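What follows is one structure encoded as structure tokens, with my remarks underneath.
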Amino acid sequence: MSGREDDVYVAASMYYLQDETMDAIARRLGVSRSTVSRLIKRARDSGLVHISIQPRTAGSDVVSRALRDIFGVNAHVVPVREGATDVQRLDQVAQVAGRTVSAWVEPGTVLGLAWGTTVSAVVGHLTPRRAPGSAVVQLNGAANPVTSGIPYASSIMTAAAEAFDARVHHFPVPAFFDYAETRAAMWRERSIRRVLAVQERADIALFGVGALSGTLASHVYAAGYLDREDLEQLRDAGVVGDVCTVLLREDGSYADIALNRRATGPTPRELSRIARRMCVVAGAAKVAPLLGALRAGVMTDLVVDETTARAVVERVRNHRGPRIGA
């Protein structure tokens, strides 16, 4: 795609999906406001824009093409204005992800959600539409030693279900059991097996990546789910973050991390059974865990801010390592 065609896409994406002003787009592209107006008109005339922007194809710019070539994912790289805060960056990415996943939901669709700060932001931008017979299912437990986790996770699941007039299936278990043996016993209970069966029927999975460190701490590390000893063990084991509360290293490995035997979310291998898996990421703190998630093969689709996407590609090119994924 030529540079001008990329400008058309960026202008349309920022104007229609992110509600940016023409002045902000002009500063982002380094062009005049009148040029932005012409780019947006060209987007409409060419059929790129109808009522909403069409999904961007992998390879439509250098960064998304690099992510596709390296990891085989369909990457939607979201341009964000210079100087945006982490909160603003997340909101811009969440807008694009919310409108995109809304277009995927059809009557009878089963949508699996992993609770968290990022998914909560995406759910806030879902486009309401009736999808008779659809369902929303919670992918990982939310209770911890401090709280039941029910109000937090339930609010996310319920809001998503209301957007599509869907049935909601909660997952009433801890994020992490105290003992692996307890988890194994609970997985034999009929009430839990019923929810697991709905998870297995999911057509779409929506999740973020949690970062073990950073300015915007991920909910699982900041809300009492893990104690200080757990966190020290994770750092010693080389853990950089998680997907669905399953802990990952930057190389994509996870199977030998002891705490994962107590985790209640689906492993990357289990997630891979779901046909369409959208991962949503924003912020510099997410570079290492996103790289681990990509190497573990957890996603088919990625919605990510441009700065983070570029940092991931540069990190891979500067430090090439094996893709392990187990």
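What's the total number of residues in segment 97-147 that are among the hydrophobic types (A, V, I, L, M, F, W, C) and under 12 Å from the mean Cα position of the chain (by Cα)?
Residues of segment 97-147 among the hydrophobic types (A, V, I, L, M, F, W, C): 97, 101, 103-105, 110-111, 113-115, 119, 121-123, 126, 131, 135-137, 139, 142-143, 146.
Those left that are additionally under 12 Å from the mean Cα position of the chain (by Cα): 97, 101, 113-115, 119, 121-123.
Going through segment 97-147 one residue at a time, the tally reaches 9.
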Q.
Quick check on segment 305-326: of everything there that is touching a Lys or Arg at 6+ places or on another chain (Cβ under 8 Å) and not in a helix (DSSP H, G or I), which residue is modelled with the lowest pLDDT?
A. Ile324
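What is the residue count in segment 251-280 for residues that are without any contact (Cβ under 8 Å) to a residue 24 or more places away in the chain and farther than 17 Å from Tyr225 by Cα? Before the answer, list the steps.
Taking segment 251-280 as the starting set, the residues that turn out to be without any contact (Cβ under 8 Å) to a residue 24 or more places away in the chain are 256-257, 260, 267, 270.
Now narrow it down to the ones that are farther than 17 Å from Tyr225 by Cα: 256, 267, 270.
Adding up the residues that qualify gives 3.
State which residue is farthest from Asp7 (Cα to Cα) when the search covers only segment 31-77 and only residues that are modelled with pLDDT of 90 or more and not in a helix (DSSP H, G or I).
First, the residues of segment 31-77 that are modelled with pLDDT of 90 or more: 31-32, 35-36, 39, 63-77.
Subset that is not in a helix (DSSP H, G or I): 31-32, 72-77.
On the way: Val31: 10, Ser32: 12, Gly72: 24, Val73: 22, Asn74: 20, Ala75: 17, His76: 15, Val77: 13 Å.
So, considering only residues that are modelled with pLDDT of 90 or more and not in a helix (DSSP H, G or I), the one farthest from Asp7 (Cα to Cα) is Gly72.
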Q) Regarding Gly208, is this residue assigned by TED's automatic domain parsing to the domain that holds Phe164, at pLDDT 95 or above and of a type in the set (Gly, Ala, Ser)? A) yes
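Looking at Glu20, Glu82 in this structure, which one is at pLDDT below 90 and surrounded by 14 or more Cβ atoms within 10 Å (Cβ to Cβ)?
Values: Glu82 fails: surrounded by 14 or more Cβ atoms within 10 Å (Cβ to Cβ).
Selected residue: Glu20, the only one of Glu20, Glu82 that is at pLDDT below 90 and surrounded by 14 or more Cβ atoms within 10 Å (Cβ to Cβ).
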(Q) Please verify whether Val240 is closer than 26 Å to Ala97 by Cβ and modelled with pLDDT of 95 or more, treating the condition exactly as stated. (A) no
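The values are calculated or read from the model by the stated rules, or taken from the named source; none is laboratory data. On a predicted model such as this, the values are computed, not experimentally measured, just so you know. So basically every Cβ, Gly included, is an ideal-geometry build from the backbone, and we count neighbours across all protein chains shown.
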